[in-house]
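These notes are about the structure you will find just below.
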Amino acid sequence: MNKVVNGADEAIHDIKDGMTLMLGGFGLCGLPENCIAALVKKGVKDLTCISNNAGVDDFGIGLMLKQRQVKKMVSSYVGENAEFERQLLSGELEVELIPQGTLATRCMAAGYGMPAIFTPAGIGTEIAEGKEIRNFNGKDYLMEMAFDADFAIVKAWKGDTMGNLVYRSTARNFNPVMAMAGKITIAEVEELVEPGELDPDHIHTPGIYVHRIFKGKDYEKRIEQRTVRKI
Amino acid sequence: MLDKQGIAKRIAKEIKDGYYVNLGIGIPTLVANYIPENMDVVLQSENGLLGMGPFPFEGDEDADTINAGKQTITMLPGSAIFDSAMSFGMIRAKKVNLTILGAMEVSENGDIANWKIPGKMVKGMGGAMDLVASAENIIVAMQHVNKAGESKLLPQCTLPLTGINCVKKIVTELAVLDVLPNGGGFKLIERAPGISVEEIIKATAGKLVVEGDVPEMVI
């Protein structure tokens, strides 16, 4: 049950033009930096990227946008990215905005083997247009479908060679639910250990959901809004 | 008239001991500074944290520890980390007692618009639609009128909606108002220091209910 691959290039080698990818992270926190760099190097294009945000101009998914590799972004918030805005306004890029909880829960549904979820988010708004609405106990809910992604690419703090993952602090965010949702899930980790070194009680993502794992390198972990307290 | 800090201070008085609270970006974030020290309040950040603390001291920033506004933050003792699905699960399941957020417009039946202006670059709704669709106790912090001098408290919202029939209370630089159920309108609860009822009537386009003497707020 050894899932270790030799770095990001090998992990993403069979990602092809036109595929749908999930990428973990919230803002620039908990991003699979190594795999994004490898995707930029490989130059695959016409990708649909499901990720909460679209990075900034020179970091995260912004790097893939700059190379025009993304056909469609599926996100809850895409501010802070001038190149994104330019491509969107010029019609080069398609964007689907989804409420953040709906985005997360559609990932979760895929990982739990459920075809759809019902959520009140978006009732009475343009998000509800064309969607099935069901009333439960007097309240309206929108039916939202589980995502169907070719690959999920996540970043964890620690992982073992069997693919069990542990995240650190708020870098967890979308990573566990996306890890569960990919047909093929790739995990890059800061620390790769042998089976038995992680406490089974502390595993966040069981290895059954993870197909490929590798130890990432040179993490920049850029901070988007460095905010400090005055002494 | 209240400044942003004043609005935050007044909203902080709505927080009760034992509350779990979600604070939106902007004025709502400032509310954290005015929670009374003797109160046990836990702040939820929807990127996956309960127990959000103040900003770190310089040198202590941790790139893995941010809030939903992507700012570096700290965690208080007793904090818990969870994934994004669980984060919105606890919001949907009404475990979060109070949600405070900003708005561009609120209507007299409690509809809120705060995510999109037609013709301008749309950045997205983030978690706002999930929060307003599920939270039972929503307070809006906003300016009473926009930069063009037009009221933001309207009979009906003109901008694309974020959620319907959801806002319970509004605190502006001029007043505290409750949103009455069943389209009953905005009920004036308190005036900001130095502000008259007439000034509030003039700044409110939606139905305004004024009953008896309206007290000046104490902050």
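Working only within the range A:195-231, note down all residues that are among the basic types (Lys, Arg) and away from chain B (no Cβ under 14 Å).
Pass one, the range A:195-231, residues among the basic types (Lys, Arg): A:212, A:215, A:217, A:221-222, A:226, A:229-230.
Scanning the range A:195-231 gives A:ARG212, A:LYS215, A:LYS217.
Report, by residue number, each residue of the range B:61-80 that is open to solvent by less than 20 Å² (accessible area, probe 1.4 Å) and not in a loop (DSSP other than H, G, I, E, B).
Selection gives B:ILE66, B:THR72.
Of the numbered conditions (1) facing another protein chain (nearest Cβ under 7 Å); (2) within 21 Å of B:GLN5 (Cα to Cα), B:ALA32 fails exactly one; give the number of that condition.
So B:ALA32 meets the others, but not (1).
Name the residue that is farthest from the other protein chains (Cβ to nearest Cβ), counting only residues in the range A:107-122 that are among the small types (Gly, Ala, Ser) and crowded, with 17+ Cβ neighbours inside 10 Å.
Filtering the range A:107-122 for residues that are among the small types (Gly, Ala, Ser) and crowded, with 17+ Cβ neighbours inside 10 Å, the one farthest from the other protein chains (Cβ to nearest Cβ) comes out as A:ALA110.
Taking the condition touching a residue at least 24 places away in the same chain (Cβ under 8 Å), more than 18 Å from the chain's Cα centre (by Cα) and within 23 Å of B:ASP130 (Cβ to Cβ), does B:ILE73 pass?
Considered against the rule, which asks whether it is touching a residue at least 24 places away in the same chain (Cβ under 8 Å), more than 18 Å from the chain's Cα centre (by Cα) and within 23 Å of B:ASP130 (Cβ to Cβ), B:ILE73 comes out as yes.
Just name the residue that is farthest from the other protein chains (Cβ to nearest Cβ) out of those in the range A:127-158 that are small (Gly, Ala, Ser) and touching a Leu at 6+ places or on another chain (Cβ under 8 Å). Step through it out loud before you land on a result.
Initially, the range A:127-158 is screened for residues small (Gly, Ala, Ser), giving A:128, A:130, A:138, A:146, A:149, A:152, A:156.
Right, trim to touching a Leu at 6+ places or on another chain (Cβ under 8 Å) and you get A:128, A:149, A:152, A:156.
Values: A:ALA128: 10, A:ALA149: 15, A:ALA152: 13, A:ALA156: 11 Å.
Filtering first and then ranking leaves A:ALA149.
Consider A:LEU198 against the criteria (1) free of Cβ contacts under 8 Å to residues at least 60 places away in the same chain; (2) farther than 23 Å from A:ARG106 by Cα; (3) open to solvent by 40 Å² or more (accessible area, probe 1.4 Å): it satisfies all of them except one. Which criterion is unmet?
The single condition A:LEU198 does not satisfy is (3).
Within the range A:201-227, track down each residue that is touching a Lys or Arg at 6+ places or on another chain (Cβ under 9 Å), farther than 29 Å from B:GLY69 by Cβ and open to solvent by 50 Å² or more (accessible area, probe 1.4 Å).
Correct list: A:HIS211 only.
Can you work out which of the residues in the range B:120-167 that are within 11 Å of chain A (Cβ to nearest Cβ) and over 29 Å from B:ALA85 (Cα atoms) is surrounded by the fewest Cβ atoms within 10 Å (Cβ to Cβ)?
B:LYS120
Just to check your reading of the model, which residue among B:ASP83, B:ASP111 is out of contact with any helix residue (DSSP H, G or I) (no Cβ under 7 Å at 6 or more places or on another chain) and buried (at least 19 other Cβ atoms within 10 Å of the Cβ)?
Within the list B:ASP83, B:ASP111, the selection yields B:ASP111.
Quick one: in the range A:74-95, of everything that is more than 20 Å from B:GLU46 (Cβ to Cβ) and within 18 Å of the chain's Cα centre (by Cα), which residue is farthest from the other protein chains (Cβ to nearest Cβ)?
Ranking the qualifying residues of the range A:74-95, first place goes to A:GLU94.
Which of the residues belonging to the range B:9-30 are hydrophobic (A, V, I, L, M, F, W, C) and either in contact with a Gly (Cβ under 8 Å, 6 or more places away or on another chain) or within 14 Å of B:ILE170 (Cβ to Cβ) (or both)? Spell out the reasoning first.
Within the range B:9-30, the subset hydrophobic (A, V, I, L, M, F, W, C) is B:11-12, B:15, B:21, B:23, B:25, B:27, B:30.
Answer for the range B:9-30, where residues must be hydrophobic (A, V, I, L, M, F, W, C) and either in contact with a Gly (Cβ under 8 Å, 6 or more places away or on another chain) or within 14 Å of B:ILE170 (Cβ to Cβ) (or both): B:ILE11, B:ILE25, B:ILE27.
So, A:LEU192, is that one more than 13 Å from every other protein chain (Cβ to nearest Cβ), over 12 Å from the mean Cα position of the chain (by Cα) and assigned to a loop (DSSP other than H, G, I, E, B) or not?
Considered against the rule, which asks whether it is more than 13 Å from every other protein chain (Cβ to nearest Cβ), over 12 Å from the mean Cα position of the chain (by Cα) and assigned to a loop (DSSP other than H, G, I, E, B), A:LEU192 comes out as no.
Which number in (1) open to solvent by 30 Å² or more (accessible area, probe 1.4 Å); (2) more than 11 Å from chain A (Cβ to nearest Cβ) marks the one condition that B:GLN44 misses?
That leaves (1) as the condition not met.
Those residues that are at the interface with another protein chain (Cβ under 10 Å from one of its Cβ atoms) and either farther than 15 Å from B:PRO77 by Cα or open to solvent by less than 40 Å² (accessible area, probe 1.4 Å) (or both), I need them from the range B:47-59; list them, please.
Listed by number, the residues that qualify are B:ASN47, B:GLY48, B:LEU49, B:MET52, B:GLY53, B:PRO56, B:PHE57, B:GLU58, B:GLY59.
Determine which single condition B:GLY89 fails, assuming it passes every other condition in (1) in a loop (DSSP other than H, G, I, E, B); (2) of a type outside the set (D, E, K, R); (3) open to solvent by less than 40 Å² (accessible area, probe 1.4 Å).
It fails just one condition, (1).
If a residue has to be farther than 22 Å from A:GLN100 by Cβ and open to solvent by 50 Å² or more (accessible area, probe 1.4 Å) to count, how many in the range B:1-35 make the cut?
Here the count works out to 10.
The values are calculated or read from the model by the stated rules, or taken from the named source; none is laboratory data. In this text, all values refer to a predicted model and were calculated from it rather than measured experimentally. Every residue, glycine as well, gets a Cβ built from its backbone with ideal geometry; the counts of neighbours run over all protein chains shown. The accessibility values were calculated without ligands, DNA or RNA, using every heavy atom of the protein model including side chains. Shrake-Rupley method; radii C 1.70, N 1.55, O 1.52, S 1.80 Å.
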